[in-house]
Amino acid sequence: IWLPEDGPHLGTEASALDLIGDIYGGGADLIAIPVARFDPDTFRLASGLMCGFIQKLQNYGYRLAIVGDISPFTARSATLTDFVRETNRRGHHRFAPTAEALRTALAGG
């Protein structure tokens with residue numbers, strides 16, 4: 001499922017549950033969400049929002065792809081940079097700068 005750029009901000013466990021409720025039963029296992037949909041505080045790992053959001057989706061069997069430029073956030077946080085690198089290395093969830101980069105990564109490229 002590809003979410004549009006416009007819509008309510010996401011990033012809390014409650015918003016993850018709302019999203020799951022909206023898409024449940026649709027057969028998708030991957031949810032691609034544009035960076036613009038996230039509250040900027042989500043990218044501050046110390047807030048716990050990102051991990052809680054991802055964990056809630058994972059608990060319900062969904063994979064998450066965050067699509068777009070997160071360099072303004074990673075430029076301020078080595079911890080976030082490491083988190084993104086490790087997340088992409090494991091491959092269950094994914095950060096991708098563009099939709100095309102996500103498609104390539106999902107195709108194994």
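What shape does region 3-61 have by the C-alpha gyration tensor, where a ≥ b ≥ c are the square roots of the eigenvalues, rounded means a/c under 1.5, and otherwise prolate means a/b greater than b/c and oblate the rest? All intermediate terms of the calculation are to be shown ahead of the outcome.
Values: a/c = 2.09, a/b = 1.33, b/c = 1.57.
Since a/c reaches 1.5 but b/c is at least a/b, the shape of region 3-61 is classed as oblate.
Counting only other residues whose beta carbon sits under 14 Å from that of Asp29, what net charge do I get with K and R as +1, D and E as -1? Don't jump to the answer; show the numbers that get you there.
Working: positive: Arg63, Arg94; negative: none.
So the environment of Asp29 carries a net charge of +2.
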For the chain, build the charge dipole from Cβ charges (+1 Lys, Arg; -1 Asp, Glu) around the Cα centre, then report which of Gly91, Ala16, Ala46 sits farthest towards its positive end. Gly91
If one builds a Gaussian network model of the chain from Cα atoms under 10 Å apart, the most fluctuating residue listed among Ile66, Ile31, Ile23 is Ile23
Only one of the listed values, [x] 111; [y] 120; [z] 97, was derived from the coordinates as volume of the Cα convex hull per residue in Å³; which label is it? [z]
Pick out which of Arg94, Arg37, Arg76 has the largest mean-square fluctuation in a Gaussian network model of the chain, springs linking Cα atoms closer than 10 Å. Arg76
First check a/c for region 40-103, with a ≥ b ≥ c the square roots of the eigenvalues of its C-alpha gyration tensor; if it is under 1.5, answer rounded, and if not, answer prolate when a/b is larger than b/c or oblate otherwise. oblate
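With a ≥ b ≥ c the root eigenvalues of the C-alpha gyration tensor of region 67-109, is it rounded (a/c under 1.5), prolate (a/b larger than b/c) or oblate?
On the way: a/c = 3.50, a/b = 1.52, b/c = 2.29.
Verdict is oblate for region 67-109.
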Which residues make up the longest stretch of the chain clear of chymotrypsin sites (Phe, Trp or Tyr not before Pro) that lie in a DSSP loop with no more than 16 other Cβ atoms within 10 Å, not counting the sites? 61-109
Out of Leu49, Leu64, Leu17, any idea which swings most in a Gaussian network model of the chain, alpha carbons joined below 10 Å? Leu17
So, with a 1.4 angstrom probe, what is the percent of accessible area on the chain that is carbon and sulfur? 52 percent
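Rolling a 1.4 Å sphere over the protein heavy atoms, what is the accessible area per residue of the chain, to the nearest Å²?
Details: 6010 Å² over 109 residues.
Heavy-atom accessible area per residue stands at 55 Å².
The values are calculated or read from the model by the stated rules, or taken from the named source; none is laboratory data. Quick caveat, the model's predicted, so the values are computed rather than measured. So basically every Cβ, Gly included, is an ideal-geometry build from the backbone, and we count neighbours across all protein chains shown. These area figures cover heavy atoms from the full protein model, side chains too; ligands, DNA and RNA do not enter into them. Shrake-Rupley method; radii C 1.70, N 1.55, O 1.52, S 1.80 Å.
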